[in-house]
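The values are calculated or read from the model by the stated rules, or taken from the named source; none is laboratory data. Just so it is clear, the structure is predicted and the values come from calculations on it, not from any experiment. Every residue, glycine as well, gets a Cβ built from its backbone with ideal geometry; the counts of neighbours run over all protein chains shown.
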């Protein structure tokens, strides 16, 4: 996978699109840090690609939530403690 600085789009956008066609994916960086991933799609697979990206992002987010729960001990809460937490949160909203 190739890495390209964001400013390259202003300077040589045509070359970036050609690189994307060749590589299939390009990581965009700003100040040396990744900020985006460009991935090639066609009209035929746009919806499938978007669905797959969204599903993968959701799975990654869920994994982070699970790790945080393990770190805090929340993964060991019983049903009664969970219900109490929900009641407390609902009271705080009103």
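The requirement of being more than 30 Å from residue 85 (Cα to Cα) and modelled with pLDDT under 95 is satisfied by residue 41.
Residue-wise test of (1) surrounded by 11 or more Cβ atoms within 10 Å (Cβ to Cβ); (2) under 16 Å from the mean Cα position of the chain (by Cα); (3) not assigned by TED's automatic domain parsing to the domain that holds residue 17.
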site: 47; (1), (2), (3): no, no, yes
site: 52; (1), (2), (3): yes, yes, yes
site: 57; (1), (2), (3): no, yes, yes
site: 63; (1), (2), (3): no, yes, yes
site: 77; (1), (2), (3): yes, no, yes
site: 89; (1), (2), (3): no, no, yes
